[in-house]
1. Of 122, 171, 86, which is the most mobile in a GNM of the chain whose springs link Cα atoms less than 10 angstrom apart?
2. Quick one: compute the contact order of the range 42-155, relative version, from alpha carbon pairs under 8 angstrom and 6+ residues apart, as a percent.
3. Given contacts defined as C-alpha pairs under 8 Å and at least six residues apart, what's the relative contact order of the range 67-118, whole-number percent?
4. Using mean projected area of the Cα convex hull in nm² as the read-out, say which of (i) 16.5; (ii) 14.4; (iii) 13.7 was calculated from these coordinates.
5. For a quick check: sort 43, 30 by the number of other beta carbons within 10 angstrom, fewest at the front.
6. Let me check against my output: what whole-number percent is the relative contact order of the range 84-229, with C-alpha pairs under 8 Å and at least 6 apart?
7. Most mobile of 79, 52, 174 per a Gaussian network model of the chain (Cα springs, under 10 Å)?
8. Rounded to the nearest 500, what is the chain's calculated 222 nm mean residue ellipticity when only DSSP H runs of at least 4 contribute -39500 (n - 2.57) each, over all residues?
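Just so it is clear, none of the values below were taken in a lab; they were calculated from the coordinates. Just so you know, these numbers come straight off a predicted model, no measurement behind them. Don't worry about glycine lacking a Cβ; one is built from the backbone with ideal geometry, like all the others, and counts go over all protein chains shown.
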């Protein structure tokens, strides 16, 4: 972990930074982070989502999502995604295994010199600074999220390039102010659906709630555990 004592001293001397902003500076220093979410549909426990980040010169992200209990009898999901990206979360490698109801798929993609090469041999030209559907969640944490702004994010997924619009709004969650981020993913498969996704970030830019839209309603995945070092 990088020694940030000088950064802390300089910050305290140079301004009257409040405690929350100081904690945010410290939170950027981690090299590993695990986020665990409990997913629910109404009052029914639906399963769990895990996001695991490891950092050195590259970012290594693994996302796992699985339905459990009675919900799993109705709609079974067991997915995992692995993303390798640079310091700005531009994708270098992406792998996924998807099992959602009757649908299943496996994909391995390598990104190099402006091309995405798939495990079936196809090579597709990519948009500049392309991210994947998982690395976007972390890239947003590096941005200044100002309510009312719209960000344009380059995305490559399933052999297609997109420039998706991401709307930033202010909201409250459990009586506390938060930032609501809404990426326009209509028609793009993410978290088991093509219908939509909303992310709620707290004051430390940690995604504390994911709302995943399906044709029959919303799955809400609420952060229950965070571990970092």
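1. Of 122, 171, 86, the most mobile in the Gaussian network model is 122.
2. Value for the range 42-155: 17 percent.
3. Relative contact order here is 26 percent.
4. Checking each listed value against the structure points to (iii).
5. Details: 43 5, 30 14.
If I rank by nearby Cβ atoms, fewest first, I get 43, 30.
6. Numbers: 266 pairs, mean separation 17.2, N = 146.
Computed value for the range 84-229: 12 percent relative contact order.
7. 174
8. It comes out at -3500 deg cm²/dmol, rounded to the nearest 500.
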